[in-house]
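Beneath this line is the structure, given in structure tokens, with notes to follow.
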Amino acid sequence: MDWIPLDYCIETERLTLSIAQADEIDFVWEATQYPGFNDGMVWGTPSSKEELEAIVGNVAERWSRGDGYLFTFHDQASDNPLGRIVVEQRCSGWSVGFWTHPKWQGAGYASEALGGVLRFCFEVLKLKLVTACHAEWNLASRKVLERNGFRFKVRIEEGFEKNGEWVAQDTLSLSRDQWLATR
């Protein structure tokens with residue numbers, strides 16, 4: 001895999017996806033302040049913007065190492081940020097995760113952003129398999145994944161701990177061959 005430049009962008013029908021920027025912290029902070037927004041995420045609701053910055057980490061460093069690509073997806077017409085999506089290397093391979101700001105949920109932006117990121121995964125990164133996990137009750141995330149061809153693999157009853165309790169997590173995957181078959 002070749003090094004991916006920091007100014008790399010993905011274009012879809014309505015969206016532009018580019019490397020997440022530090023100056024977008026107000027956008028991310030606003031999303032985290034909606035009740036329930038963080039319930040299905042492994043990270044809790046941050047209590048300050050400084051704590052949020054620590055959660056996000058060094059995006060450019062991970063990008064340059066080639067082990068994580070965090071994109072912000074923007075509306076092409078207005079340039080408004082709508083959400084974020086990441087593809088990152090984990091112990092078991094490559095995984096995607098995403099969220100849409102609550103103001104913009106329900107308009108198909110996450111599905112469209114994931115479609116663009118999958119093209120990046122399979123055509124640029126040359127990955128063979130991509131996985132994704134979601135809280136088992138998060139049917140909206142499951143629908144986004146299934147619309148893009150992901151298939152259920154396994155439920156992990158103790159997927160992640162949240163507020164002292166275990167949250168069951170579903171794992172789905174999509175192979176390059178499955179993705180190509182739908183093109």
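The values are calculated or read from the model by the stated rules, or taken from the named source; none is laboratory data. Remember, it's a predicted structure, so these values are computed and weren't measured experimentally. Here the Cβ positions follow ideal geometry from the backbone for every residue, glycine too, while neighbour counts run over all protein chains shown.
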Discussion item. Let me confirm something: among L52, L17, which residue is without any contact (Cβ under 8 Å) to a residue 40 or more places away in the chain, touching a Phe, Trp or Tyr at 6+ places or on another chain (Cβ under 9 Å) and among the hydrophobic types (A, V, I, L, M, F, W, C)?
Written reply: L52
Worksheet item: Can A31 be described as assigned to a loop (DSSP other than H, G, I, E, B) and in contact (Cβ under 8 Å) with a residue 24 or more places away in the chain?
Response: no
Discussion item. Being at negative phi, touching a Lys or Arg at 6+ places or on another chain (Cβ under 9 Å) and among the β-branched types (V, I, T) is the requirement here; does T182 meet it?
Written reply: no
Practice prompt. Might you check whether a residue that is of a type in the set (K, R) and assigned to a helix (DSSP H, G or I) occurs anywhere in region 137-144?
Written response: yes
Item to complete: Looking at (1) more than 18 Å from S95 (Cβ to Cβ); (2) surrounded by 14 or more Cβ atoms within 10 Å (Cβ to Cβ); (3) hydrophobic (A, V, I, L, M, F, W, C), find the lone condition where M41 falls short.
Response: (1)
Worksheet entry | For G159: the one exception among (1) over 22 Å from A22 (Cβ atoms); (2) of a type in the set (G, A, S); (3) surrounded by fewer than 21 Cβ atoms within 10 Å (Cβ to Cβ); (4) at pLDDT 95 or above | (4)
Worksheet item: Hey, does region 84-100 have a residue that's over 22 Å from I55 (Cβ atoms) and β-branched (V, I, T)?
Response: no
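Okay, residues lined up against (1) touching an Asp or Glu at 6+ places or on another chain (Cβ under 7 Å); (2) more than 23 Å from H101 (Cα to Cα); (3) of a type in the set (S, T, Y):
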{"position": "N138", "(1), (2), (3)": "no, no, no"}
{"position": "S141", "(1), (2), (3)": "no, no, yes"}
{"position": "N148", "(1), (2), (3)": "no, no, no"}
{"position": "R151", "(1), (2), (3)": "no, yes, no"}
{"position": "E165", "(1), (2), (3)": "no, yes, no"}
{"position": "D170", "(1), (2), (3)": "yes, no, no"}
{"position": "S175", "(1), (2), (3)": "no, yes, yes"}
{"position": "W179", "(1), (2), (3)": "no, yes, no"}
Fill in: Residues of region 60-79 satisfying the condition of being within 25 Å of Y34 (Cβ to Cβ) and either exposed (fewer than 13 other Cβ atoms within 10 Å of the Cβ) or in contact with a Gly (Cβ under 8 Å, 6 or more places away or on another chain) (or both)
T72, F73, A77, S78, D79
Discussion item. Quick check on my filter: what residues within region 139-165 are closer than 30 Å to R183 by Cβ, of a type in the set (A, V, I, L, M, F, W, C) and touching a residue at least 24 places away in the same chain (Cβ under 8 Å)?
Written reply: A140, V144, L145, F150
